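For reference, the structure discussed in these notes is given below.
Each reported figure results from applying straightforward, stated rules to the coordinates on display, with no laboratory input. Quantities reported herein were computed from a predicted structural model and do not represent experimental measurements. With ideal geometry, Cβ positions are generated from the backbone for all residues, glycine too; neighbour counts draw on all protein chains shown.
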Amino acid sequence: MSRITTTFAQLKKDGRKALIPYVTAGFPFADITPALMHGMVAAGADVIELGVPFSDPMADGPVIQKAGDVALSFGIGMAQVLDMVREFRKQNAHTPVVLMGYANPVERYDQAHGQDAFIAHASQAGVDGVLVVDYPPEECVDFAAKLKAHDMDLIFLLAPTSTEKRMQQVAHVASGYVYYVSLKGVTGAGTLDTAAVEAMLPRIREHVHIPVGVGFGIRDAQTARAIGQVADAVVIGSKIIQLIENQPHDQVVATATHFLRDIRTALDA
């Protein structure tokens with residue numbers, strides 16, 4: 001059983017909702033990420049989504065695109081991201097870490113290190129889940145099985161435009177949780193319609209019987225609390241990136257944790 005499944009089971013038992021912050025690995029400083037991850041856990045994060053920098057992130061808006069460009073300029077790639085997870089695991093053996101990114105870095109890693117090297121090395125580093133934005137579920141059965149053999153989950157996105165067929169395809173291979181993208185468009189775009197999310201989640205749950213997290217457009221404690229009433233998890237990314245973008249090195253962790261503590265308090269209220 002994966003750490004993600006164990007974490008959600010404990011949260012359900014405790015009557016709590018998961019807080020899942022997203023940060024781009026290597027942003028805003030190349031060496032900050034492990035400390036930032038620890039700070040987010042201290043602030044109440046239950047799962048951490050770690051963005052793998054990529055030069056053409058089609059699902060990401062300008063905020064996360066810019067963060068990825070900064071990280072790439074520091075030379076941050078998949079190998080460095082796995083090193084960050086290893087560093088985090090030296091002090092934290094329980095908080096799930098999900099790598100979120102695109103097919104290209106995964107496949108390039110295997111080209112450089114051998115077939116299925118990404119799965120083996122991610123498992124060794126302490127990764128618990130993988131969300132590959134541009135991997136369609138119907139082509140991921142083998143990949144999902146190989147991940148599961150290493151106690152890792154394959155996580156998928158669903159969107160307001162997802163059909164019943166797509167939900168069924170995702171349900172067939174997904175594990176851990178699914179990530180419902182609450183807005184049409186890219187990360188950081190638009191204003192969240194909580195009523196529309198509330199209406200969509202029962203449709204998803206007809207097909208998907210693992211936890212459902214909601215992200216895109218959650219920017220404050222009030223919205224997070226509203227989403228937490230209906231979802232199993234709240235995912236926050238762009239707002240954190242914006243808050244830490246221009247902070248000096250010694251204020252990055254404090255800035256992120258201060259924001260997340262407010263979100264945690266709202267979710268638990």
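Observations on the structure shown:
- Classification of the chain by its C-alpha gyration tensor yields a rounded form. The axis ratio a/c (a ≥ b ≥ c) stays under 1.5.
- Mean-square fluctuations from a GNM of the chain, with a 10 angstrom spring cutoff on Cα atoms, peak among G215, G39, G61 at G61.
- Flagged links, alpha-carbon separation over 30 Å, of K148/K239; K66/K146; K13/K66; K90/K165; K12/K146: K148/K239; K66/K146; K13/K66; K90/K165
- Separation of the S123 and Q229 label points, Cα + 7 Å toward Cβ, nm: 4.3
- Extreme residue, positive dipole direction of the stretch 16-129, given options A67, L82, N92 (C-beta unit charges): N92
- Residue-span extension gain [D69 to V141] - 0.36 nm each, minus C-alpha spacing: 22.8 nm
- Note on the stretch 164-269: with charges restricted to the Cβ of Lys and Arg (+1) and Asp and Glu (-1), its dipole about the Cα centre is near 240 debye.
- Point-charge dipole on Cβ atoms (K/R +1, D/E -1) for the chain, about Cα centre, debye to 20: 640
- For R203 and H113, the difference between the fully extended length at 0.36 nm per residue and the C-alpha to C-alpha distance is 28.3 nm.
- Cα centroid separation - the stretch 127-161 against the stretch 89-114, whole Å: 12
- Extreme residue, positive dipole direction of the chain, given options G237, A159, V197 (C-beta unit charges): V197
- A crude spin-label estimate for the pair A9 and E245, with each label 7 Å from Cα along the Cβ direction, gives 4.1 nm.
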